[in-house]
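In what follows, a structure is listed as structure tokens, so that the remarks can point back to it.
The values are calculated or read from the model by the stated rules, or taken from the named source; none is laboratory data. Source: prediction; values computed, not measured. Here the Cβ is made from the backbone with ideal geometry for all residues, glycine too, and neighbour counts use every protein chain on show.
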Amino acid sequence: MTRRSRRLLTTATAGATAALLLAGCGGGDGGKSDSNGKIAGADTGASTSASPSASASASSDGRPKFTLPSDLALTFEGGQTGDAVKDAVLADNAEMMRAVDAAIAGTDPKGEGVGYYTTGKALEASLSWVAQWKKANVTITGDIRYYDREVTLKGKTAAILTFCGDESKGFSKNKKTNKINKTPVTKNSYVTYNTRLDKNSAGVWQTSQIISTRGAARCQP
């Protein structure tokens, strides 16, 4: 899938930057993508789903429960289209984005939400990105907004979802010092996403593919 947003992870302690999907922080111009904005290893999602471990806390419908830290807020605009299927796609995509950030922030340390809402290459990429944040000893803070979310259904079990991410107020934070690594707002603080979701046998719309592009004209304020 290409999980989520490409966020620029700035690490003062490591003296380097690494662009991450779905973790998004701040605007830079780097990224784990080729010149066309395609995320490496995230363009061919498999249909096999990953389930949370038996130890995962779950709601009454079997979905894993996780929260975000108090200093991180994600806003998803346009969640009600009037079409129940499209609304379900939007809702599960939002949970996927939240799950990746929860894994990075440590509020879902086992990544059970990631395993539930992603599949195939998207799952592999997401886990890899989370590991990079952990290795750099940084987490996410601030406010990130997702908007212009448009769903196109492809039959009964597949959908294409495009949307924008505003990471101008999202930043990385050193876990040891709690220092926030603020970056200037540029055109690359805005990201466009083109994702595919597949409905599994449990009725969950899992993200299986993601292509993201920083600085796209469509998403500029």
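Listing for the model above:
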{"read-out": "Top-ranked residue of region 59-98 - restricted to ones that are over 21 Å from GLY170 (Cα atoms) and of a type in the set (Asp, Glu), ranked as nearest to the chain's Cα centre (by Cα)", "value": "ASP92"}
{"read-out": "When residues of region 178-204 are limited to those that are aliphatic (A, V, I, L, M) and under 18 Å from CYS164 (Cβ atoms), the one nearest to the chain's Cα centre (by Cα)", "value": "VAL191"}
{"read-out": "Selection status of THR183, more than 16 Å from LYS86 (Cβ to Cβ), in contact with a Cys (Cβ under 9 Å, 6 or more places away or on another chain) and not in a strand (DSSP E or B)", "value": "yes"}
{"read-out": "Test set (1) of a type in the set (Ser, Thr, Tyr); (2) closer than 21 Å to TYR116 by Cβ; (3) over 15 Å from the mean Cα position of the chain (by Cα) - THR207 fails condition number", "value": "(3)"}
{"read-out": "Single residue of ALA102, ALA94, ALA56 found to be within 23 Å of SER201 (Cβ to Cβ) and modelled with pLDDT of 95 or more", "value": "ALA94"}
{"read-out": "Residue selected from region 190-217 under the condition closer than 18 Å to ALA88 by Cα and in contact with a Gly (Cβ under 6 Å, 6 or more places away or on another chain), by the criterion surrounded by the fewest Cβ atoms within 10 Å (Cβ to Cβ)", "value": "GLN209"}
{"read-out": "Residue check, ALA159 free of Cβ contacts under 8 Å to residues at least 12 places away in the same chain and in contact with a helix residue (DSSP H, G or I) (Cβ under 9 Å, 6 or more places away or on another chain)", "value": "no"}
